[in-house]
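The values are calculated or read from the model by the stated rules, or taken from the named source; none is laboratory data. Every value quoted in this text rests on a predicted model; they were computed, and no experiment measured them. Neighbour counts run over all protein chains shown; Cβ positions are idealised from the backbone, glycine included.
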Amino acid sequence: MKFEKNTAVCNLEWKIRNFTEENYEKAMNNNLNTNFYFIMLGKKMTSWKLHYGFDREGIVIDLKKMSRDNDFKVKFTGFIDTKKSDSSVVYFDTYEEHANFIYKKHPIYFTELEHIFGNPADYLDNGVLTINLRIELFDGFCKEYENYNASDPGIYSEFTEMFQWGLFSDFTIICSDKTVIRTHRLILSENSPVFKVMLQCPMKESISGVMEVNDIDGPTMNDILLFMYDSYHYRGWGNDLKAIFCAADKYQMNKLKDKCVNQIVSSLNVEDVLEFFMLADFYNHNYLMQRCIMFIKAHHKVLCKTEDWKKLNADQLNIIDEYPYDNNIHGLETVLC
């Protein structure tokens, strides 16, 4: 597995001592603290300004880019470790965005203060609240995986109703669970090179107008077709992302696969990250592999005790161990009184 050269991580740990509701009320009138950080991304030096402090809306975290270069993406994550369970409580987790977008964003707030004040034993260690912040920079695959223009309504949106009602259909797909779906050759061929070749050649399926699929069930095939007809209004991300990814790869639907990967990355958790790591390894998907490994590294103590961890082979464990990761933690400290 070859990793992209230009990735960088900066881990920050902010300890807030004497964290009580009374002390928080007193600290709200103080100005925000400011720290500056320089992060090397390949040969590129990037500079960042972090504002942090306390407000009536919640604990304030505000990251600003100071350097002029915008040709990379940034992901900013924050979470609070809790004694309540082995995993962390994630309070914000941004999508990868071009660096200049971060500059325009409003501050982020940790707003669950009443819950923390009401359950100090779950979140405080000797009166100390620890907030973990993580700045991740990405270069190299920035253009390839950028989100598609959300203003694009999709050229087939007016045909969705025809698909849902089976109007004027000229092709039938029989899925692995015997679900029968009627669709249109034009839509299939325009969205998938695999379908296009099949429908242009004198194959059994193109002649009969019927195709049997033994490895994709009805709900997954329906999701794929809905994306073909109208990618702009597609809302199938609550379904089986692994099945959608595999089907998108099979039919060479790169736009769907990229969006599926973005959805997987934005919703990774300790329950499914190893499954998606193995999926990325099997399909040799570099970007998904990197994102899974970063999550695994951050939650290694929890994941190494799971049954899924035992399923990893020696090569996969080596990939995780060899992945470049910044374990240096920059400390911030605030004492409330």
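Overview of values
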item: Qualifying position, being aliphatic (A, V, I, L, M), modelled with pLDDT of 85 or more and out of contact with any helix residue (DSSP H, G or I) (no Cβ under 6 Å at 6 or more places or on another chain), among Leu50, Leu41, Leu32; result: Leu50
item: Of residues in the range 168-184 being under 32 Å from the mean Cα position of the chain (by Cα) and polar (S, T, N, Q), the one nearest to Tyr229 (Cα to Cα); result: Thr183
item: Condition broken by His300, with the remaining ones in (1) under 24 Å from Thr130 (Cα atoms); (2) without any contact (Cβ under 8 Å) to a residue 60 or more places away in the chain; (3) crowded, with 18+ Cβ neighbours inside 10 Å satisfied; result: (3)
item: Positions within the range 96-118 being surrounded by 14 or more Cβ atoms within 10 Å (Cβ to Cβ), at pLDDT 55 or above and more than 15 Å from Asn23 (Cβ to Cβ), in sequence order; result: Pro107, Ile108, Tyr109, Phe110, Glu112
item: Helices (runs of 4 or more DSSP H) within the range 267-337 that include 3 or more residues at pLDDT below 90; result: 286-298, 300-303, 314-322
item: Every pair of residues 6+ apart whose Cβ atoms lie under 6 Å, when the first sits in the range 123-138 and is assigned by TED's automatic domain parsing to the domain that holds Phe54 while the second is among the charged types (D, E, K, R) and buried (at least 21 other Cβ atoms within 10 Å of the Cβ); result: Phe138/Lys73
item: Tabulated pairs, the range 173-197, first modelled with pLDDT of 90 or more, second basic (Lys, Arg), C-beta under 6 angstrom, 6+ apart or interchain; result: Ser189/Lys196
